[in-house]
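S.K.: Let me begin by handing over the structure; questions about it come next.
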Amino acid sequence: MSTQLQRSEQETDESPQEQRLERKSLTEGEREAQRTEEESTGDETPRAHLKVFRYDPEVEAKREPRFDDFHVPAPQGTTVLDALMYARDEFDSTLTFRHSCRQAVCGSDALFINGSQRLGCQTQIQDLDQRPVRVEPLPHQEVEKDLVVDMEHFYDQMEAVEPYFQGETPDEEEQLQSRENREKVKMSTRCIWCGACQSSCNIAAGDNEYLGPAAINKAYRFAMDEREDDDIKQHRMNILEQEHGVWRCQTQFSCTEVCPKDIPLTEHIQEMKREAVKDNLKFW
Ligand code: SF4
Ligand code: FES
């Protein structure tokens with residue numbers, strides 16, 4: 001475990017890259033001297049202490065999982081992703097995590113932050129009560145390196161519900177959707193495939209074949225869309241009614257609680273259960 005040095009932003013004409021290179025060339029003693037000097041200048045930039053999970057199966061010395069400490073500047077508005085990027089750029093370039101859009105759109109930076117699934121880019125340090133801020137990879141997924149988990153199984157489950165429109169599209173006719181129907185499926189379309197819900201689900205953790213909340217929500221998105229044919233809807237219901245489908249859900253609401261897009265996942269799963277019951281009713 002290593003404790004990284006704190007650093008203050010200084011007024012300078014050098015570009016951030018030049019400053020970074022200069023700092024990296026300093027010896028440990030010089031860094032300590034610089035830190036003391038910066039602290040004595042009265043810099044009051046708030047700082048955050050991160051405890052970050054580290055693991056690298058390809059490097060013998062790093063095969064044993066551990067936590068590294070990073071102290072980074074955290075002025076108002078700093079997100080956990082910002083803090084991780086700072087730690088990687090300034091202190092340890094081997095620190096590995098996924099990110100892309102930085103605005104809760106791509107879904108690539110779902111992490112386990114202070115014991116809860118959240119997007120790093122959507123979580124501001126100042127909103128977190130617990131210090132140090134503990135950052136771990138998503139639970140119930142295989143860790144590839146540091147904060148990066150293998151998402152393959154999650155994508156397979158999404159794929160299993162055939163998440164796309166199917167059926168005949170009339171050549172010259174627009175397929176119109178009513179305002180009411182659009183409203184009904186609106187929230188379900190917001191999924192960004194981050195995997196936070198799947199990671200939070202106890203059932204998914206114990207049953208690797210359970211479709212999981214994100215996939216069922218995706219099935220809901222199409223099954224409830226009035227533009228899809230009845231026979232395709234029936235096909236989707238058959239997928240959802242199988243042994244590891246909707247009936248596995250025990251209504252624990254953990255998925256709904258962690259979804260960064262506020263999708264009412266449990267409600268959607270319950271609705272698909274009701275559809276499944278209707279689907280199996282027989283009238284003699
Ligand atoms: S349903 Fe929500 S938590 Fe689950 S993958 Fe989609 S956006 Fe992420
Ligand atoms: S970086 Fe894209 S969702 Fe956070």
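The values are calculated or read from the model by the stated rules, or taken from the named source; none is laboratory data. Please read all numbers here as calculations on a predicted model, not as lab measurements. Glycine also receives a Cβ, built like all others from the backbone with ideal geometry; neighbour counts cover every protein chain displayed. Just the protein is used for accessible areas: all its heavy atoms, side chains included, with ligands, DNA and RNA removed. Shrake-Rupley method; radii C 1.70, N 1.55, O 1.52, S 1.80 Å.
S.K.: Condition test on Q124, is it of a type outside the set (A, V, I, L, M, F, W, C), away from ligand 1 (no atom under 11 Å from the Cβ) and at pLDDT below 95?
M.R.: no
S.K.: If you go through segment 138-197 one residue at a time, how many are closer than 20 Å to Q117 by Cα and either buried (at least 16 other Cβ atoms within 10 Å of the Cβ) or within 13 Å of the chain's Cα centre (by Cα) (or both)?
M.R.: 26
S.K.: In segment 100-117, which residues are farther than 21 Å from R66 by Cα and either out of contact with any Ser or Thr (no Cβ under 6 Å at 6 or more places or on another chain) or away from ligand 1 (no atom under 16 Å from the Cβ) (or both)?
M.R.: If the condition is that a residue be farther than 21 Å from R66 by Cα and either out of contact with any Ser or Thr (no Cβ under 6 Å at 6 or more places or on another chain) or away from ligand 1 (no atom under 16 Å from the Cβ) (or both), then C101, R102, Q103, A104, V105, G107 are the ones that fit.
S.K.: Now, a different point. Among the residues in segment 129-151, are any assigned to a helix (DSSP H, G or I) and free of Cβ contacts under 8 Å to residues at least 40 places away in the same chain?
M.R.: So far as segment 129-151 goes, no, none of its residues is assigned to a helix (DSSP H, G or I) and free of Cβ contacts under 8 Å to residues at least 40 places away in the same chain.
S.K.: What pairs come out if I take residues in segment 37-56 that are open to solvent by less than 80 Å² (accessible area, probe 1.4 Å) and pair them with residues that are modelled with pLDDT under 85 and among the small types (G, A, S) whose C-beta lies under 9 Å away, six or more apart or interchain?
M.R.: Going by the 9 Å Cβ cut-off, the qualifying pairs are E38/S8; D43/S8; T45/S8.
S.K.: Hey, any hits in segment 167-189 for a residue that's of a type in the set (D, E, K, R) and within 16 Å of ligand 2 (Cβ to nearest atom)?
M.R.: For segment 167-189, residues of a type in the set (D, E, K, R) and within 16 Å of ligand 2 (Cβ to nearest atom): absent.
S.K.: Follow-up question, since we're still on this one. Name the residue, out of D13, D92, that is modelled with pLDDT of 95 or more, more than 16 Å from ligand 2 (Cβ to nearest atom) and either crowded, with 17+ Cβ neighbours inside 10 Å or not β-branched (V, I, T) (or both).
M.R.: Every option except D92 fails the conditions.
S.K.: Inside segment 100-122, can you point out the residues that are farther than 16 Å from C197 by Cβ and surrounded by 17 or more Cβ atoms within 10 Å (Cβ to Cβ)?
M.R.: Result: R102, N114, G120, C121.
S.K.: Still on this structure, I have one more. Out of the residues in segment 243-278 meeting the condition of being open to solvent by 70 Å² or more (accessible area, probe 1.4 Å) and part of a loop (DSSP other than H, G, I, E, B), tell me which one is nearest to ligand 1 (Cβ to nearest atom).
M.R.: D262
S.K.: Which condition breaks for L81 when tested against (1) more than 15 Å from ligand 2 (Cβ to nearest atom); (2) more than 27 Å from L211 (Cα to Cα); (3) open to solvent by less than 60 Å² (accessible area, probe 1.4 Å)?
M.R.: Status for L81: all satisfied but (1).
S.K.: Oh, and also: Check whether at least one residue in segment 158-167 is within 16 Å of ligand 1 (Cβ to nearest atom) and free of Cβ contacts under 8 Å to residues at least 40 places away in the same chain, and report yes or no.
M.R.: yes
S.K.: Still on this structure: Just the residues that are closer than 30 Å to T45 by Cβ and touching a Phe, Trp or Tyr at 6+ places or on another chain (Cβ under 8 Å), please, taken from segment 119-171.
M.R.: G120, R134, V135, E136, P137, D146, L147, V148
S.K.: Among the residues of segment 54-71, are any within 16 Å of ligand 1 (Cβ to nearest atom) and modelled with pLDDT of 95 or more?
M.R.: Within segment 54-71 (the criterion being within 16 Å of ligand 1 (Cβ to nearest atom) and modelled with pLDDT of 95 or more), the answer is no, since none of the residues qualifies.
S.K.: Still on this model: I'm trying to understand the selection: among the residues of segment 178-215, which are over 18 Å from E271 (Cβ atoms) and in contact (Cβ under 8 Å) with a residue 60 or more places away in the chain?
M.R.: I192, W193, C194, G195, A196, S199, S200, A204, A205
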